[in-house]
Amino acid sequence: MSARTPRLRSLGLDPATGKEALAVPHPGGFVEELADAQALKAAAVLVAVVGAVLEVGKASDAELAAFVPPLHAALEECVTIMAADRE
């Protein structure tokens, strides 16, 4: 995905409705900082869950495979955040 392509970013869940709040933040803005913080928090939770599953060691290949798409998405978003910080 090009760095110039606007994309929806999660800002977390709205506590009143339980729905996910999404935005297309401007680079370097406050909303982008919120989206970055949410992405890093979500990635940290996903890492903890996957780590716990791996530690138990009783998950099937299919169960482990279910974690691949969200892990890939979290890693991609974290890499995007880190790359933007380097520019």
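The values are calculated or read from the model by the stated rules, or taken from the named source; none is laboratory data. Bear in mind that the values here come from a model prediction, so they are computed numbers and not experimental data. Note: ideal-geometry Cβ built from the backbone for every residue, glycine included; neighbour counts use all protein chains shown. With ligands, DNA and RNA removed, areas are computed over all heavy atoms of the protein, side chains included. Shrake-Rupley method; radii C 1.70, N 1.55, O 1.52, S 1.80 Å.
Ligands, DNA and RNA left out, the accessible area of the chain computed with a 1.4 Å probe is 63% carbon and sulfur. Each of Met82 and Glu63 was given a label point 7 Å from its Cα along the Cα-to-Cβ line. The distance between the two points is 3.0 nm. Database remark: amide H of Ala21 closer than 5 angstrom to the amide H of Leu11, Gly12, Leu13, Asp14 (H placed geometrically; neighbours at sequence offset of 5 or more, or on other chains; Pro and chain starts carry no H). In this structure segment 1-75 gives 75 Å² per residue of accessible area when probed at 1.4 Å with all protein chains present. When the Cα positions of Val24, Met82, Ala42 are compared along the charge dipole of the chain, Val24 comes out farthest toward the positive end, with charges on each C-beta of Lys, Arg, Asp and Glu. Each principal axis of the chain carries a Cα extent, and these read 44, 35, 17 Å when sorted largest first. In percent, rounded to a whole number, the relative contact order of the chain is 21, using alpha-carbon pairs under 8 Å and six or more apart. In the assembled protein chains, Lys41 presents an accessible area of approximately 130 Å² (probe radius 1.4 Å).
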